[in-house]
Every structure is written in C-alpha cells, then in structure tokens.
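Participant: Can you keep this structure in mind? I'll have questions shortly.
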Amino acid sequence: MRVMVLGGDGFCGWPTSLYLSDRGHDITIVDNLSRRKIDIELEVESLTPIHPVSERLINRFDYDGDYGTVLNRFLMQAAIGHPLTVHGTGGQTRAFIHIRDTVRCIEIAITNPPLAGDKPRVLNQMTEVHRVMDLAKMVADVMGADIAYLPNPRREAEENDLNVRNDQFLALGLKPTTLSEGLLDEGRQVAARYRDRVDPSKIVCRSVWRAGMETADDLVTELPA
Ligand SMILES: NC(=O)c1ccc[n+]([C@@H]2O[C@H](COP(=O)([O-])OP(=O)(O)OC[C@H]3O[C@@H](n4cnc5c(N)ncnc54)[C@H](O)[C@@H]3O)[C@@H](O)[C@H]2O)c1
C-alpha cells in the first residue's frame, strides 16, 4: 500500500515510517523539519542522538519540560538521580501507549479501511490510563527516585477522570504492551544509556499557561536541592 506519513520525522511518525516500510508498504514522509528547528532554537537535543544519516535510525526521546512526555521525563530523571517532577497534585489522568503499539495501530487502521459510504470512524490509540502521581510512584518504586511536586504550569483541573476505550483496536487484533510488561523497562534502558546527554537546565518546564506565573524561574526555585 502507498502510505503518506505526515510528521514522519517526529517521535511517532519516524518509527511508524520504519515499521510500515519494513512490512512492505511504500512510504512517503511529509515533514517540514520544524521540530528539528525547535531543538536548535531551544538549545535542547533529543536524549537519543539524532543524525541526518544514522546507521541505527534511532528514534527521538524528548525529556525536556516543554516537549518531553511525562513517562520519558520521569525515566530520564530517575536515571540521573533527579527528583521526578510532578505538576500540581499529579491528579491528572493520562492515556499511555507503547510506541510499538502506536505503529501497529496505524497498520491496523490502514489495512482495515472503512467501506465507501460508512460513517467516519474514530479509533482511540491508547492501551493504559494512569494518574500522573501513580505513574511517578511506579517509576520511583522501580528506580528508587524521589518525587518533587511543582506548581502546575498548565491551566487545567487539579484532577480529572479519563474514560476512554480501545475496544475497536483490540477487536481488530491489537495486543497491547503494558507498562509492567515492557514499556517501563525499555524506556529505562534508553534513559540509562544516554544519561550523559542530559542537560539538567532543560528539565523543568519553561512554558507557563497560568497568569501570575510569568517566568520559569518560579518553578525552578521549587525544586529541592
Ligand atoms: N508523543 C506522544 O506520546 C503522543 C501521544 C498521543 C498523541 N500524540 C500526537 O501525535 C502527533 C505527533 O506527535 P510526536 O510526539 O510525534 O511529535 P513530534 O514533534 O516529535 O513530531 C511532529 C512532526 O511533525 C512535523 N511538523 C510539524 N508541523 C508540520 C507542518 N506544518 N508540516 C509538516 N510537518 C510538520 C515536525 O517537524 C515533527 O517532525 C501530535 O499531534 C501529538 O499531539 C503524541
């Protein structure tokens, strides 16, 4: 099948392109490389070394306060002995999925297209739901890290429920990789391997979405010594 991957230079798009190509699909990547320009502007690199021609074709692994996803950040923080930075109470509930399952979901979706005339179909790509504080405790228990509760830079409720179902992907053959079965361990290995590339000054979130919290320094001072 001919597949166009939009944002194919990014965290989700690159492994999707590699996986589908490996499965015999004909892949075209469309990407304006804006993410790489952001790296240069923010002077922060992916934890994993990204090169224009890499033999290993490694995926990016963002850990910084603005672009890093929460699990990656926690794993990296634990790997370098930094407290896990939980925003607010950590009562935010988030959905998680292993990148391997992300690419499999895309394959399932493109190989099971809707029939002509069908209603639009929405497929939820997620395999697990956790509260951020529970995720922090999980990582802290496994890796022996401390937890630091910082003011939440985002404008959001302190706690939320997330009722999300992935029945459709499960019915179409998705076999989820859970945190306990692999996701935690793989991320841990990446974080440990590239820990020397961490710039600690990029860990705390620099962007703020709340009035009265104008500078990132407000957050930095909250970090325990
Ligand atoms: N990373 C996750 O865990 C996750 C989870 C759920 C949903 N998502 C969503 O998946 C999407 C991709 O996320 P990601 O983590 O791969 O982000 P990313 O920043 O790593 O990748 C996005 C890619 O899109 C490219 N891009 C941005 N604007 C473009 C434009 N106008 N034209 C062409 N290319 C453009 C960027 O250069 C980058 O390579 C986002 O919408 C994100 O919200 C990500």
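Only the coordinates and a few stated rules stand behind these numbers; no lab work does. As the structure is a computational prediction, the values presented were derived from the model and not from experiment. All Cβ positions, glycine included, derive from the backbone under ideal geometry; neighbour counts span all protein chains shown.
Participant: Compute the length gained on full extension between Val142 and Ser21: take 0.36 nm times their separation in residues and subtract their Cα-Cα distance, giving the result in nm to one decimal. Mind dumping the intermediate values first?
Facilitator: Working: separation 121, 0.36 × 121 = 43.56 nm, distance 3.52 nm.
Full extension of this stretch gives 40.0 nm more.
Participant: May I ask you to list the trypsin sites (Lys or Arg not before Pro) in the stretch 76-123 that are in a DSSP loop and have at most 12 other Cβ atoms within 10 Å of their Cβ?
Facilitator: On the way: sites: Arg94, Arg100, Arg104, Arg121; in loops: Arg121.
In loop regions of the stretch 76-123 (DSSP not H, G, I, E or B), the sparsely surrounded trypsin sites (Lys or Arg not before Pro) are Arg121.
Participant: Shape of the stretch 122-193 from its Cα gyration tensor (a ≥ b ≥ c, root eigenvalues): rounded if a/c is under 1.5, otherwise prolate when a/b > b/c, or oblate?
Facilitator: oblate
Participant: Then there's this: Report, ordered by chain and residue number, the lysines lying within cross-link reach of Lys37, taken as a straight Cα distance under 21 Å and ignoring same-chain residues fewer than 8 apart.
Facilitator: Hits, sequence-local ones excluded: Lys202.
Participant: For the chain, rounded, prolate or oblate, judged on the Cα gyration tensor with a ≥ b ≥ c (square roots of eigenvalues), a/c < 1.5 rounded, else prolate if a/b > b/c?
Facilitator: On the way: a/c = 1.76, a/b = 1.44, b/c = 1.23.
It is prolate, given that a/c is not under 1.5 and a/b is the larger ratio.
Participant: Something else about it: At a Cα cut-off below 27 Å, give the lysines reachable from Lys175, other chains included and same-chain residues fewer than 8 away excluded.
Facilitator: Qualifying lysines at Cα under 27 Å: Lys119, Lys137.
Participant: Put +1 on the Cβ of each Lys and Arg and -1 on the Cβ of each Asp and Glu in the stretch 89-155; which of Gly117, Thr89, Pro153 then has its Cα farthest toward the positive end of the dipole?
Facilitator: Projecting each Cα onto the dipole axis, the largest value belongs to Gly117.
Participant: At a Förster radius of 35 Å, what calculated FRET efficiency corresponds to the Cβ-Cβ distance of Ala192 and Ala95, to the nearest 0.05? List each step's numbers first, then the result.
Facilitator: Numbers: r = 26 Å, r/R0 = 0.73.
The computed FRET efficiency comes out at 0.85.
Participant: In debye, nearest 20: dipole of the stretch 39-129 around its Cα centre with unit charges on the Cβ of K, R (+) and D, E (-)? If you can, show how the numbers build up before the last one.
Facilitator: Working: 8 positive and 12 negative charges, 100 e Å.
In debye, rounded to 20, the stretch 39-129 gives about 480.
Participant: Using the basic label-point model (7 angstrom from Cα toward the beta carbon), what is the Arg155 to Ser207 distance in nanometres?
Facilitator: Here the answer is 1.4 nm between the modelled labels.
Participant: With +1 on each Lys and Arg Cβ and -1 on each Asp and Glu Cβ, how big is the dipole of the stretch 103-222 about its Cα centre, in debye rounded to the nearest 20? Walk me through the intermediate numbers first.
Facilitator: Details: 16 positive and 20 negative charges, 95 e Å.
Around 460 debye, computed over the stretch 103-222.
Participant: What GluC sites (Glu not before Pro) does the stretch 20-112 have in DSSP loop regions with at most 11 other beta carbons within 10 Å? Display every interim value, and only then the final one.
Facilitator: Details: sites: Glu41, Glu43, Glu45, Glu55, Glu107; in loops: Glu43, Glu45, Glu55.
Listed in order of number, the matching sites are Glu43, Glu55.
Participant: Given +1 on the Cβ of Lys and Arg, -1 on the Cβ of Asp and Glu, and no further charges, what dipole in debye does the chain carry about its Cα centre, rounded to the nearest 20?
Facilitator: Details: 26 positive and 33 negative charges, 116 e Å.
So the magnitude is around 560 debye.
Participant: Between 0 and 90 degrees, rounded to the nearest ten: what's the tilt of helix 70-79 against the longest Cα principal axis of the chain?
Facilitator: Approximately 50 degrees, to the nearest ten.
Participant: Specify whether the C-alpha gyration tensor of the stretch 1-72 places it in the rounded, prolate or oblate class, a ≥ b ≥ c being the square roots of the eigenvalues: rounded for a/c under 1.5, otherwise prolate if a/b is larger than b/c and oblate if not. The partial results should precede the final answer.
Facilitator: Details: a/c = 2.01, a/b = 1.87, b/c = 1.07.
Prolate, because a/c is 1.5 or more and a/b exceeds b/c.
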